[in-house]
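To keep things clear, I will list the structure first and then write my remarks on it.
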Amino acid sequence: MVSPAYQRQGIARRLHDELLGGRGEQAAQLLVEKDNHPAQAAYRSWGWHKAGDLQPFADAPNYDVMVIELPVRR
């Protein structure tokens, strides 16, 4: 999350790329709330795609599972 005063400046994308850039795994995954449309749109624009749904525990919401192949390419 980026502070509202600094949003829409590419900071989230740079943080995203820096965090994933040096990873040795073949892929990364994340959970995103189904109604968080701005986050889902950002992730899709960065190369993520929906791979399924997950309710991590009984009283948790049902999340969208998103995945991306590594290394991240711009």
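Restricting the stretch 1-19 to residues that are of a type in the set (Gly, Ala, Ser) and open to solvent by 50 Å² or more (accessible area, probe 1.4 Å), the residue that is nearest to residue 71 (Cα to Cα) is 3.
Is it the case, given these coordinates, that residue 71 is surrounded by 11 or more Cβ atoms within 10 Å (Cβ to Cβ) and either modelled with pLDDT under 95 or basic (Lys, Arg) (or both)? Yes.
For the stretch 20-66, the set of residues classified as among the hydrophobic types (A, V, I, L, M, F, W, C), exposed (fewer than 14 other Cβ atoms within 10 Å of the Cβ) and in a helix (DSSP H, G or I) consists of 41 only.
The values are calculated or read from the model by the stated rules, or taken from the named source; none is laboratory data. Since the model is a prediction, treat every value here as computed from it, not as a measurement. Positions of Cβ are generated from backbone atoms using ideal geometry, with glycine treated the same way; all protein chains shown enter the neighbour counts. When the accessible area is computed, the model is the full protein with side chains, heavy atoms only, and any ligands, DNA or RNA have been set aside. Shrake-Rupley method; radii C 1.70, N 1.55, O 1.52, S 1.80 Å.
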